[in-house]
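Working notes for the structure below.
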Amino acid sequence: MQKGRVSLLTGVGVVLLVVCLATSGVLWDRIRGMQANISRLSRELAIEQQDLDGALASIGGLRVSMENEAIAHSSSIAGLEGKLDGAAAALQKADVPGLRRDLEATQRGANSVMSAVRTLSESVDQEATVFASSIAGVKDEVYTVSTALREMQADLAALDSQSAAASAGRLRIAYLNADDAFSVFTNAVSSLRQKAVDKRNEIVKLQGDFMQSTISKDQYQRRLNELNVQLIEAQLDIDVGTIARMIASEGFADIRADLQKLRDAAQPVVEEVKNLVATAKLGVADAAEFQSRLTQVQSAFQQLDTLLTQAATLKIQQAAKKIALQKGYDLVIPTKNVIVYVNQSALPDITEAVKAEVAYYL
């Protein structure tokens, strides 16, 4: 991903300039809108708090009512137990039918009271469960509203800071070394890149040997054909490997379908390069035909590499915009072909932050 990258990466600054200037133009509208949302959320939070206080008060009243009912039923039970004890003592003295009837009636009364106590206890349990569920729901709503309120207050504070800077006529600018940021992609497939470096070194050595007449012209041409197609093969491996890495990463989900199409389009080129490698190893019978096929493959590779570079540049732009908005910068400019001199103590460099963001995408 080398050729065509200069103009694409230079375009990063222009895109970010348009985005940041457009953003600063609506700061006051966003502040007013967020202030209105904060007021609305504050009112909702107050209402939810009142609902929670009401639920807690209802549970407190229910608890008092339960205690009073329990006391009343305890007194009734105590009275019935006294009657039962009296009836039992009387029966010991005299086995009178009237006393038996009194005892039976008293027993039925005791059973009725115990049944009422059980019914009351079950009802109280049900009410407590309903109230507990209501309290949990209210607490969740209060937490949600509170969280949203805190987030909006933080956003409002950031916008206030940006607005104050804009009102004072100060333009906050940062710079980005796009080439350095681009290295995140190349480092992700460093092992594949080493193979291409090795092939270039072999070509340089072969040319040196030929210049020193240590090999014949035929030997030189045959080995050069082989190394040239192996170099293209290594470069294709880099691009295909990078595409595979992007497709597998959630950070590229927004362009995954395009990347899959790009991978499919590269497959015929990969197959043709394999055929050329085999042909070069066996020996080229028709030099003109071989050179024509090699040129076509190189052209296809350049197209693939350009499209891949565009995808990588898009992610660098997205990362730079995100960092700029987070830190309140109005303008981010690339260093290459734009900045002649920069005072690093006065102009912040966001390259490392952008690299970390791009690495997170991968």
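Table for the structure above
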quantity: Diffusion constant of region 279-362 at 37 °C, which comes from Stokes-Einstein with the Kirkwood Cα-pair radius and 0.692 mPa s, µm²/s; calculated: 198 µm²/s
quantity: Unsatisfied cross-links (Cα-Cα over 32 Å) in the set 199/327; 281/336; 195/261; 205/274; calculated: 199/327; 281/336
quantity: Extension gain from residue 341 to residue 327, taking 0.36 nm per residue of separation minus the Cα-Cα distance; calculated: 2.8 nm
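Values in this text are rule-based calculations from the coordinates and carry no lab data. A quick note: this is a predicted structure, and the numbers were derived from the prediction, not measured.
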